[in-house]
Each structure stands twice: as structure tokens, then as C-alpha cells.
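Asks: Got a structure for you, written out below as C-alpha cells; questions coming shortly.
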Amino acid sequence: METKKLKIGLAGNPNSGKSTVFNHLTGGHAHVGNWPGVTVEKKEGKFQYRDYEITVVDLPGTYALTAYSMDEKIARDFIIKEKPDGIVVIVDASNLERNLYLATQLLELGANVILNLNMMDIVRNKGMAIDTKKLSQIFRAAVVETVASKGEGIDELKEAIVNGLKKKRDSLRIDYGEDIEMEIDRLEKRVSISGYPSRWVAIKLLEGDREILEMAMREGEAIESQTVDSKKRLEEHQGYDLETALVEKRYAFLSGLIKESVSKKYDLIERLDISDRIDRILVNRYLGIPIFLGMMWLVFQSVFTVGGPLSDGIEAMMGWLGEFASHGIESLGGSKWLSSL
Ligand SMILES: Nc1nc2c(ncn2[C@@H]2O[C@H](COP(=O)(O)OP(=O)(O)O)[C@@H](O)[C@H]2O)c(=O)[nH]1
Ligand SMILES: [Mg+2]
């Protein structure tokens, strides 16, 4: 049988277990070189699975795909220029929201993503469960769970690489809201950079990505003033920083996704959450004052109903103590004038 070739990239936040997965896939045999033009290390390995020979490229550990850092630029250039068959995104599943941000960016860039939920041992210890089917549906990517440090799930990951990548999925579209979508639309129609998805380019222009703007201007100078106009319209009307707004929309999408697909058993963390919620009711703007007044009323009531008999009792006890003290002093041989005090 003829061997077919696949090339995949491994992406992930630092400390997500990327090197551990790389070593399990490739058996630790790696060719180490540099990324073109820079001194950042590039690690490549190979493995055979079924009738495939799969080349694995270790991408630098990153949190996003902006042009601000060399590592992030390397990751996005690899996807656009080397056109790998897929990207395995290694995710620390015990820290899903932050880790999925990178995966979201890769999907928006049009990469064929396999989501590797690593650190599943920690997730299970926390009493959490992840609905991988639902996550896969909403995220439009194959999902595989692993405990890479123990080699668990690596075969399933290999299977997903050869099978999951065959499926053509619709690319993920985050809804940025009516106003922003209108400007994305406008820019998307006016810009084209060969090899780059135009919606992604439009979003990057709104984000203020210098590299993308320079590339877009080489295709047509007018795009700069059009970008400035779009940003001005949004920022002046809404009074927000556009770059922040775009990041927030992605996190809003992620938090919805996590609400749908992650469930928690009733564990310690949950109980702490509940006491936190009670605190929030007590300090709530509207409920706090009525609850406070109610409590004060109870205190007053208790002073009048319980306080009467109680103060009688205290008086009686003081009298008795006085008797006891004067008798005691006398019986110990003290003089009459001392006990009369
Ligand atoms: N508990 C747990 N630890 C893991 C798992 N996978 C990797 N680790 C550990 O996490 C740390 C970071 O892993 P590494 O592969 O160096 O992460 P990288 O920075 O993404 O390359 C190491 O100490 C690994 O042994 C896992 O599934 N569960
Ligand atoms: Mg590493």
C-alpha cells in the first residue's frame, strides 16, 4: 500500500503539555532547526499510523495569534504559508476558557483544528466533566481527551489526526454583534490578501494589526483610510476601545460554549461558590437594605421580649453575689467595715 503523507502543527499555550504530546507522537525523535529568518527553534518529528506518514511540527507556545510577538507571528505564518493538513491544539482542559482562546483564533484563521483536551486527570479530580460531543459541534473541530503525562489517549489522538482531518467542517464564525459585523462586512469587500481569509483580514484590520495593514496596503492604498473610517465610526459611536471589544466578544463566545459543555459535580469548589452567591445576595444593591432592616427589627424584638426577664435575672444574680461576698468576707474573719463596701 502506498503511504500517504500528512503534515500537522502542534499549537498550545505554554505548559499545556505540548512537548509531552510531541514526544509521545514521534517517539522523541526530532529534527531541530530554526524558523526561517529568526533564531526561534523549530522542532520537527515523524510517525507512521495506518497507511500514513505524518510530519509533526512543534509550534512555539502562545496564547493568541497577534503580530505583537515573534512566536505568535511564527504560528500564524506557518498556517497561512505552509498550509498544513491540520493543527492539533493542545489545551490544558483544567483551564479551558483561557486555553480555548488560541483555538478560537486558529479556527477563525481557517485552520483545520483537532482539539486535544489534555490534563484530563486534573479535570476529573476537580469533579468536572466535559461534553466532548457538544464541544465538538459548537467548536466545529474533532475533540480528543488525553492524559499526556501517562500516555493516555495518544492512540485516539493519532486516529483523530488521520480520520478527523478528512471531514470538511464549516469554519467557525464568531458573531461580533451588529455594529462590528457591519464594518467587518464593509472591509471584507474591499480587501484581499492572497492566501488569507478575507473575513479574518478584516477583523485583523479592525484590531489594528500592523502587519496585516501593511500587506493590505500593498494590494491597495485606500484600505488604510477605509480602516481608519471604520474604526472611528465604531469607537466614536460606542465609546469603546475596538481591540478590547473584539477580545471581549471572543471570550463571551467561549464562556457560552463552556456553559453548554462543562458540568461540575457538587464539590468543594461548588460549595464555596454557593457561599459566595449568598454573600452577593446580602450585599446586593436592592435586597441588602431590606435584609439589613429585617435583621435590625429582629434584634430589637429580642431585646424587648427576651430582655425583660433577662434583666430581672441579672438583677437577682447580682443581689445574690453581693450577699455571698459579704458573708464570705465575714466568715474569713474580715472586719465589718470591709464587707460593707
Ligand atoms: N497532570 C498532568 N500533567 C501533565 C499532563 N501532560 C503534561 N503534563 C505535565 O505538565 C508539564 C508541562 O508539560 P510540557 O509538555 O513541558 O508543556 P509545554 O510547555 O506545553 O511543552 C510537565 O510537567 C508535564 O509532565 C497531563 O495530562 N496531566
Ligand atoms: Mg514545550
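Here, each number is a calculation from the coordinates, and none is a lab measurement. Quick caveat: nothing in here was measured; it's all calculated off a predicted structure. Neighbour counts run over all protein chains shown; Cβ positions are idealised from the backbone, glycine included.
Asks: Considering the Cα trace of the chain, what is its radius of gyration and what is Dmax, both in angstroms?
Replies: In order Rg, Dmax, the Cα atoms of the chain give 33.0, 119 Å.
Asks: Right, here's the next one. Using the Cβ atoms and a cut-off under 12 Å, what net charge is assigned to the surroundings of Gln48, where Lys and Arg are +1 and Asp and Glu are -1?
Replies: Charge balance in the 12 Å sphere: +3.
Asks: In the neighborhood of Thr227, defined by Cβ-to-Cβ distances under 15 Å, what is the net charge if each Lys or Arg adds +1 and each Asp or Glu adds -1?
Replies: Computed value for this residue: -4.
Asks: How much length is gained on full extension from Phe292 to Glu260, taking 0.36 nm per residue of separation minus their Cα-Cα distance?
Replies: Working it through step by step, the gained length comes to 7.9 nm.
Asks: Separate question: What percent do you get for the relative contact order of the range 178-265 when only Cα pairs under 8 Å and 6+ apart count?
Replies: About 24 percent, as a whole number.
Asks: Loop only per DSSP, at most 16 neighbouring Cβ atoms within 10 Å: give me the trypsin sites (Lys or Arg not before Pro) in the range 148-254, ordered by residue number.
Replies: Of the trypsin sites (Lys or Arg not before Pro), the ones in loops of the range 148-254 whose Cβ has at most 16 other Cβ atoms within 10 Å are Lys166, Lys167, Lys168, Arg169, Arg173.
Asks: Under the Kirkwood approximation for Rh and a Cα-based Rg, what ratio Rg/Rh is obtained for the range 163-212?
Replies: A ratio of 1.06.
Asks: Quote to one decimal, in nm, the extra length available between Glu248 and Gln301 on full extension: 0.36 nm per residue of separation minus the C-alpha distance between them.
Replies: 14.1 nm
Asks: Given H placed on each backbone N at 1.01 Å, which residues far from Thr62 in sequence or on other chains put an amide H within less than 5 Å of it?
Replies: Long-range HN contacts for Thr62: Gly12, Asn13.
Asks: Another question about this same structure. With only alpha-carbon pairs counted, each pair once and no self-pairs, how large is the Kirkwood hydrodynamic radius of the range 178-265 in angstroms?
Replies: 14.0 Å
Asks: In whole Hz and in residue order, list the ³J(HN,Hα) couplings for the range 115-127 that follow from phi through the Karplus curve 6.51 cos²θ - 1.76 cosθ + 1.60, θ = phi - 60°; x for Gly and Pro.
Replies: For the range 115-127, the Karplus-derived couplings read 8, 9, 7, 8, 6, 5, 4, 5, 4, 5, 4, 7, x Hz, x marking Gly and Pro.
Asks: Taking springs between alpha-carbon atoms closer than 10 angstrom, which of Leu187, Leu298, Leu206 fluctuates most in the Gaussian network model of the chain?
Replies: Highest fluctuation of the listed residues: Leu298.
Asks: Residues of the range 198-228 with the amide nitrogen closer than 19 Å to a label point 7 Å from the Cα of Glu236, along Cα-to-Cβ, please.
Replies: Only 206-208, 223-228 pass the distance filter.
Asks: Are there DSSP H segments in the chain that both extend 18 Å or more along their axis (alpha-carbon positions) and score a mean Kyte-Doolittle hydropathy of at least 1.0? List them, or say none.
Replies: In the chain, the long hydrophobic H runs are 288-305.
Asks: Report the net charge of residues surrounding Asn118, where surrounding means a beta-carbon distance below 13 angstrom and charges are Lys +1, Arg +1, Asp -1, Glu -1.
Replies: Every neighbour counted, the sum reads -2.
Asks: In addition: Could you give the length gained by full extension between Gln137 and Trp320, i.e. 0.36 nm per residue of separation minus their alpha carbon distance, to one decimal place?
Replies: Length gained between Gln137 and Trp320: 57.9 nm.
Asks: For the range 4-164, what Kirkwood radius comes out of the mean inverse Cα-Cα distance, in Å? Spell out each step's value before the answer.
Replies: Details: mean 1/r = 0.0639 Å⁻¹.
Over the range 4-164, the inverse of the mean reciprocal pair distance is 15.7 Å.
Asks: Along Cα→Cβ, 7 Å out, is where each label goes; now give me the distance between the ones at Arg98 and Thr3 in nm to one decimal.
Replies: About 4.0 nm separates the two model spin labels.
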